Each structure stands twice: as structure tokens, then as C-alpha cells.
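First comes the structure, then the notes that go with it.
The values are calculated or read from the model by the stated rules, or taken from the named source; none is laboratory data. Please read these numbers as outputs of a predicted model, since none were measured by experiment. Because the Cβ atoms are built from the backbone with ideal geometry, glycine has one as well, and the counts that use them run over all protein chains shown.
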Amino acid sequence: MIETKEAQFEARIERGEKIEAGDWMPEAYRKQLIRMISQHAHSEIVGMLPEGKWIPHAPSLHRKLVLMAKVQDEAGHGQYLYHAAESLGITRDEMTRALLAGRAKYASVFNYPTDNWADVGMIGWLVDGAAIKNQTMLAHCSYGPYSRAMVRICSEETFHFKQGKEMIVQYATEGTDDQKAQVQDSLNRWWWPTLMMFGPHDAESKNTPQLVKWGIKTKTNDELRQEFVDETVPELQAIGLTLPDPDLRYDDESGHWIFGEIDWDEFWRVVKGDGPLNAERLESRQNAYNDGAWVREAAAGFAERQQEMVAV
Ligand code: FAQ
């Protein structure tokens, strides 16, 4: 019996083999990966903006160095991810244009403002913590270039997570009254947008069934969100912080923290472009694209000249 290409592909996924760039793959698999990886790359790049804003205002040289290293890491993550997506046959320019035209998304959480210095620590603890949860899963995904990028990215995100947690624990336990108030205010504003990062409930998640079938996701949005809540709530409470959720309670029977309903209207508004800073974030990326035009032209001219020299 002759197996179809699809059947061979599914069998490879079933056996846990990695699919590599030149391998045959269904068009829908390639498109799903381009969607996810490019959106992930855009998130890393747009994600530099909320924290980058605070680099000139860091309260000490030490904190400034740590923050600069973190923001530079995010740029590197964007580069790895754009490369991984390019291996699927899309160009960097096509991905950037899709972002600027509003056709490609990026993580909703980066459309919220950073209002105080403690937000830098809170983003490290919560946003990087949530990203690590999701990315540790993706490090096992079926597409080789994406899974390998995730291994490197996760180890750097772990540093981001630790620096954020260290800052918040220090301010919450040994800080001045003002620092303690900043930390609580920051948690109040970042808790819900962080939970939204995991995406809609499983029943509303149109992409999950196919992604799970292809071994791209191995856990669902709700499963990852619950793991994050279970790990994070007791740690925040242990340093005297109050979670902004009146429905939050520990359920002895299931061993899980039960939490209140996310404001899904707000989530979809932000995802569709109407969040607090969507317009500002896109304007910033558009300006960077315009400002970089001469670099792209110079690089293209250089490549053309090299080809001419080879031809001679
Ligand atoms: N924001 O069917 P699903 C980071 C969209 S990296 C915006 O459930 P899926 C590092 C979704 O795209 C953070 N849109 O989708 C850092 C889909 O629309 P589409 C980024 C969202 O793919 C830290 C629609 O809703 N990580 O933070 C969001 O199965 C600190 C229906 O949703 C990744 O991108 C959202 N939160 O699950 C940097 C990881 N959620 O595209 C700086 C890779 C959903 O069909 C500082 N991506 N949507 O038009 C994933 O794991 C998945 O794509 C999910 C969404 C989990 C994001």
C-alpha cells in the first residue's frame, strides 16, 4: 500500500519526530507555524517598548544594566524567531508589513502602559513567567527550528523572570512605604492582562485542536493558565500582596486555585486593536521601519554588487 504524503507526515508527528525546514509538510501546518512564530517574534519586539521606556529612569546603575540586558535579549529573541519563520518561506519584510497593516497580531499584554518603576519588576515576574510557561511547552513542539529557538529563549527568559521576582520581593518585603504601594498598584494593573496572555478559553480557541493534533501545542490555553495561577498566587501572597480578584480561592478538593472570570470583552477589544496603547505601539514600529529604510537599501545594494562581482 502506498502511503500518502499526509499520512507519512502524520506518522512522523505521531512518532515524536521533528519536522525540519526542507521536509514536506501540509500547507496548513506551514501557515499555522508562520502565523504563530511571526506573531511571537512581533511580541518580542513590541515587548521591548513598555520596559525600554524605563531605562533612562532606573534607580541605580545595577538596575539599569540588568534592564538594558533584558531589553536587548528580547530583541535577540525576535531575531531568532524571525529566522525560524523565514525557514518556512516567508520574508522578514512580509512579516513586518503584516504587523504594520494590522494583519498580524502580537501579545495583547504589551498594549498596556508601564506607569511606575515597579512595573519593570512585575513584567519580569508575571509576563516573563507566563511566557516561560507557554514557551517551555513550545520547546517540545514538532517543528525543529521553532523548538530549538525556544530552548535558548527559555533560558534567557528565566533570567528575566528571576530579576523581576527579586526586585518585587525586595520592594514588597524590605522597601519603603512608597515602594510597597507601587508594587501593589503594579500587581493590580498587570494581573489580569497577564492571565489574558494565555489566550481565550479552550472552547473559544479556534486554533488549539489542530495545533495539538500536529504537536505544535501540547497543552491548551486553559491548562497553561491554571498552572501559572497555581504556581504564582501563593508566592505573591507570601510576600504580603493582595491579588485583585475577589473570587480567588483555593479549592482543597482539586488542589487548584479557582479564579474569577477574565474580562473577555476587554481582551478582544485589545486583540482587535483598541487597547490603551495599540496605536502608539504600532506607530513606534512604523517609525522604526521608516527610519531603517536606508539600512535595508544599503544591504540590498551591497548584495547586488557582490552578485555582479561574482558574475564578472
Ligand atoms: N494576544 O485560537 P487561539 C513574551 C489570538 S512572548 C493577542 O487560542 P492560538 C516575551 C490568536 O492569535 C509572548 N492575540 O490562538 C516577553 C488568534 O488569532 P489569529 C507571546 C491573541 O494560537 C516578555 C485568536 O486570538 N508568546 O511575552 C492572544 O491557539 C516580557 C484565537 O486564539 C507567543 O506568541 C493574545 N494574548 O493561541 C517579551 C507564543 N491570545 O492569530 C518582552 C506563541 C490569542 O488566528 C517582555 N503563541 N490571541 O488571528 C502561542 O502560544 C499561541 O499563539 C497563543 C494563542 C497561546 C498566544
Q.
Against the conditions (1) surrounded by 16 or more Cβ atoms within 10 Å (Cβ to Cβ); (2) near the ligand (Cβ under 10 Å from one of its atoms), where does residue 95 fall short? Just the number, please.
A. (2)
Q.
Checking residue 127 against (1) within 14 Å of the ligand (Cβ to nearest atom); (2) free of Cβ contacts under 8 Å to residues at least 60 places away in the same chain; (3) within 24 Å of residue 261 (Cα to Cα), only one condition comes out false. Which one?
A. (2)
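Counting only residues that are surrounded by 12 or more Cβ atoms within 10 Å (Cβ to Cβ) and either in contact with a Pro (Cβ under 9 Å, 6 or more places away or on another chain) or free of Cβ contacts under 8 Å to residues at least 12 places away in the same chain (or both), how many does the range 250-261 have? Outline the logic, then answer.
Let us first name the residues in the range 250-261 that are surrounded by 12 or more Cβ atoms within 10 Å (Cβ to Cβ), namely 250, 256-260.
Within this subset, residues satisfying the condition of being either in contact with a Pro (Cβ under 9 Å, 6 or more places away or on another chain) or free of Cβ contacts under 8 Å to residues at least 12 places away in the same chain (or both) are 250, 257-258, 260.
Qualifying residue count for the region: 4.
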(Q) Given the criteria near the ligand (Cβ under 9 Å from one of its atoms) and either among the polar types (S, T, N, Q) or surrounded by 16 or more Cβ atoms within 10 Å (Cβ to Cβ) (or both), does residue 207 qualify? (A) yes
Q) Just for helices (runs of 4 or more DSSP H) wholly inside the range 2-70: which have at least 2 residues that are buried (at least 16 other Cβ atoms within 10 Å of the Cβ) and touching a Gly at 6+ places or on another chain (Cβ under 6 Å)? A) 27-46
(Q) Quick check on this structure: which one of 269, 189, 225 is within 10 Å of the ligand (Cβ to nearest atom), out of contact with any strand residue (DSSP E or B) (no Cβ under 9 Å at 6 or more places or on another chain) and not hydrophobic (A, V, I, L, M, F, W, C)? (A) 225
Q | the range 272-297: number of residues that are within 30 Å of residue 223 (Cβ to Cβ) and either assigned to a helix (DSSP H, G or I) or more than 16 Å from the ligand (Cβ to nearest atom) (or both) | A | 2
Q: State all residues of the range 194-204 that are near the ligand (Cβ under 10 Å from one of its atoms) and not acidic (Asp, Glu); if no residue qualifies, say none.
A: 194, 195, 196, 197, 198, 199, 200, 201
Q) Any idea which of 104, 75 is assigned to a loop (DSSP other than H, G, I, E, B) and either modelled with pLDDT under 95 or closer than 30 Å to residue 186 by Cα (or both)? A) 104
Q. What pairs can you find where one residue is in the range 206-218 and over 15 Å from residue 146 (Cβ atoms), the other is within 6 Å of the ligand (Cβ to nearest atom) and polar (S, T, N, Q), and their Cβ atoms are less than 9 Å apart, with a gap of 6+ or different chains?
A. 208/221
